[in-house]
Structure formats: C-alpha cells, structure tokens
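Worksheet: the structure to be examined is printed underneath.
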Amino acid sequence: MKKRTTTLLAASLALGGAILGTNQLFRMATVASEKTVVPDDVYPDNVLFANQERFNRLPRETWTITSFDGLKLKAWYVANQHSEKTVILSHGWRITKARMATYGDLFYSLGFNVLVPDNRAHGESGGKFIGFGYLDRFDYLQWIDMVCQKDKQQKIVLMGMSMGATTVLSVSGEKLPNNVKAVISDSAYTSAYDELRYQAGHMFHMPAFPVLNVLNWMSGWRAGFQYSQADARPLIEKSQLPTLFIHGLADDFVPTKMVYELIKLHHGEHDVWLPKGAGHVAAFEEYPQEYIERVAAFLKQHVL
C-alpha cells in the first residue's frame, strides 16, 4: 500500500510538473505579454540597414480595421505615387511590422504601394493570443478588402516571412477577389503543431508526447483554437495563385523539409528558391542581390 501511494505521489508530481512546464511553453508561444524574441530593427552593420532606413523615411498613413472578434488592428500604408500595385506584408512570430521595412523597401523600389499590418497580439494591434496564421488569415481578408475599397484596380501581392509566410499561404486558399495575383512565402512552416513539435525537441529537449497533446488542448481552451488547426496544408491545396517559395537550406528554426511538403501540395504555378547556407528568413541578408532579382523576376512574370 505504501509503495502504491509513493508511486501515485510521484506520478502526480510528474504530471503537475508537466502541466506547469506546458503552461510556460504555452505562454511563451502564444501569450502576447511575453517578450519579443527578435529585434524589430536590423543593426547598422547589417547589409540591409540602408534599405530599412530608406523605407522608414517614406511618408506613411496608419490604417485600422476591427477584426471579426472585435480587435483593433493597425497597419502602415506607404503610397507609391499613383501605383496600381500593392503588396501586403506579413511579419513573423513575436516581431512587428517594423521588421518588414527591408521588404517594404524592396517592393517600393519595384513600384508597389506597401501595406504592413501588425498581426493580432503584436505591436500596435490588439489581442491577447497570437493567431499563428489560423486567426490572422481572416484579418488579411479584411486588409485585402480595404485595399480594394481604396482602388478596385489594384493588383495585390501577399508576402510573408516565417509565421507570416504560413499566414499568406493560408490566405491564398480562401476565396479571394481577382485583385490578388501572387504569393511570396519566405520560410513558412506547415502547421503550428508541427513547428512546436520540432521546437519541443530541438530547443527545449522535451518529448513531443504528452507535452504537445496537452499544449494543443491548452491552446484550444485558452486561445480558442488548437495548434493543429493552424495548418496551411489544407488551404494551400486549394490555392491556384502563382507562388514563390523561398526557404534557406540551413534553416534550423523551421526545418527545410516543411517547404517540400508545402510545394508538393500546391497545384498552381510556383517557383522555388532554396539558397544554400541561409538560415531562418536569412536569404535576403545572405543573398541580397539575388533575392531582389528572383522576387523581381517572379513579379514580372505574374504581376508587373
């Protein structure tokens, strides 16, 4: 009896520890109040620093929408004279729209208006829980509508990095106006669940089972969606939009194998660039001229 009680006590303590650890992992992954983990600006010694500074000097407006669940979401809009082309940029996990300045400069130099939202639970936008693309895709449908309301002739490109890339890939499978012409995905993951399963072992050295099962349930209970629902694959199968997939072969944050699965599922026209030696969302920094040339060539074929 004593041995059984001791075993039950040990199991209870282990379960309690697992729940506490999982709760901490949930907070770090999903709760907005946790610290940003990536700087919002590139530093002066970065090859893209001048691009960032150039974009940040451009005059801009602040746009606001109210999400389907009542959140106030903010974006910067930079007009490019009388351009009939707009790019909507989607940033990554725990950074803000400010981090997209280098990409904004690229598209502005190609003649695009630039719209850069803060995703829900990031930057100036409201929200307690990060949406991992699952909730954000509905927000991007509203940003698309707002661009179209401003000018019904606009040709729209969706471009995202990391979580933002998964977001725009998810959006591409929704019913969209004909204004949306193409998608550019830089370092997308297949699903939030797959990414967290990878990080549980890679970063935290934790077993996927039962941690991910508890974490998935916790997200459904607290955030209103499960990580397994934040999955771009069912949506990208529906997409016919021309898509450029970029993913560094040295990416150890979102494993490169994920992009192969996404490419295989996409039935529309697509181009693929897998730069050697580039880490997570580092292709632009590692190969700045080639990045610009490949993006420009893709846009020339499908948009410009």
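Each DSSP beta bridge with both residues in the chain is either parallel or antiparallel, and the antiparallel ones are about 35%.
Name all residues of the range 74-110 having a backbone nitrogen under 17 Å from the label point set 7 Å from the Cα of Leu304 along its Cα→Cβ direction, giving them as ranges. It comes to 80-88, 103-110, nothing else. Which Cα, out of Met258, Ala165, Cys148, lies furthest along the positive dipole direction of the range 105-258 (beta carbon charges, K/R +1, D/E -1)? It is Cys148.
Per-residue packing, averaged as other Cβ atoms within 10 Å, sorts the ranges 164-170, 284-290, 253-259 into the order 164-170, 253-259, 284-290, beginning with the highest.
Computed with a 1.4 Å probe over protein heavy atoms only, the accessible surface of the chain comes to 46 Å² per residue. The alpha carbons of the range 60-172 occupy a box of 37, 26, 25 Å along the principal axes, longest dimension given first. Placing +1 on the Cβ of every Lys and Arg and -1 on the Cβ of every Asp and Glu, with nothing else charged, gives the range 105-228 a dipole about its Cα centre of roughly 260 debye.
Going down the list Lys85/Lys128; Lys72/Lys181; Lys97/Lys175; Lys128/Lys264, which pairs span over 31 Å between their C-alpha atoms? Cα-Cα > 31 Å for Lys85/Lys128; Lys128/Lys264; rest within.
Magnitude of the charge dipole for the chain, about its Cα centre and with charges confined to Cβ atoms of Lys, Arg (+1) and Asp, Glu (-1), is about 980 debye. In this rough spin-label picture, where each label sits 7 Å from Cα along the Cβ direction, the Ala79-Leu274 distance is 4.4 nm.
When the Cα positions of Val214, Pro275, Leu249 are compared along the charge dipole of the range 213-278, Val214 comes out farthest toward the positive end, with charges on each C-beta of Lys, Arg, Asp and Glu. Kirkwood's formula applied to the C-alpha pairs of the chain gives a hydrodynamic radius of 19.9 angstrom. With 0.36 nm allotted per residue and the present C-alpha distance subtracted, the Asp41-Glu261 stretch has 76.1 nm of extension available. With a 1.4 Å probe rolled over the protein heavy atoms of all chains, the accessible area of Phe245, Phe138 falls in the order Phe138, Phe245, largest first. Projecting the Cα atoms of Phe298, Gly111, Val31 onto the dipole axis of the chain, where Lys and Arg carry +1 and Asp and Glu carry -1 at the beta carbon, places Val31 farthest toward the positive end. Peptides 47-58, 93-104 ordered by packing proxy, namely the average of other Cβ atoms within 10 Å per residue, highest first: 93-104, 47-58.
Which translational diffusion coefficient, to the nearest whole µm²/s, is obtained for the range 169-302 from the Stokes-Einstein equation, given a Kirkwood hydrodynamic radius over C-alpha pairs, 4 °C and 1.567 mPa s? Value of D from the Cα-based Kirkwood radius: 81 µm²/s.
Within straight-line reach of Lys150, meaning a Cα separation under 18 Å, sit the following aspartates and glutamates at least 8 residues removed in sequence or on another chain: Glu61, Glu84, Asp139.
Stretching the chain fully between Gln142 and Gln289 yields a gain of 49.6 nm (0.36 nm per residue, less the alpha carbon separation).
Given the options Val214, Val116, Val183, which has the most mean-square fluctuation in a GNM of the chain, springs set between C-alpha atoms less than 10 angstrom apart? Ranking Val214, Val116, Val183 by mean-square fluctuation puts Val214 first.
Were the residues from Asn213 through Ser33 laid out at 0.36 nm apart, the gain over their Cα-Cα distance would be 62.4 nm. For the range 41-82, the equivalent ellipsoid derived from the Cα gyration tensor has semi-axes of 28, 16, 6 Å, listed largest first. I need the shape label for the range 238-294. Rule: rounded when a/c is under 1.5, else prolate if a/b > b/c, else oblate, with a, b, c from the alpha carbon gyration tensor. In terms of gyration-tensor shape, oblate. Remark: the range 42-162 carries a charge dipole of roughly 60 debye about the Cα centre, counting +1 on each Lys and Arg Cβ and -1 on each Asp and Glu Cβ. If you plug the beta carbon distance of Gln24 and Leu249 into 1/(1 + (r/R0)^6) with R0 = 51 Å, you get a FRET efficiency near 0.95. When the surface is traced with a 1.4 Å probe over the full set of protein chains, Ser228 keeps roughly 50 Å² accessible. Given a 1.4 Å probe and the protein chains as shown, Ser109 ends up with an accessible area of around 90 Å². Distance between the C-alpha centres of the range 216-252 and the range 149-166: 17 Å, rounded to the whole angstrom.
The values are calculated or read from the model by the stated rules, or taken from the named source; none is laboratory data. Note that this is a predicted model, so its numbers are computed, not measured. Virtual Cβ from ideal backbone geometry, glycine too; neighbours counted across all protein chains shown. What goes into the accessible areas is simple: the full protein's heavy atoms, side chains included, and nothing from ligands, DNA or RNA. Shrake-Rupley method; radii C 1.70, N 1.55, O 1.52, S 1.80 Å.
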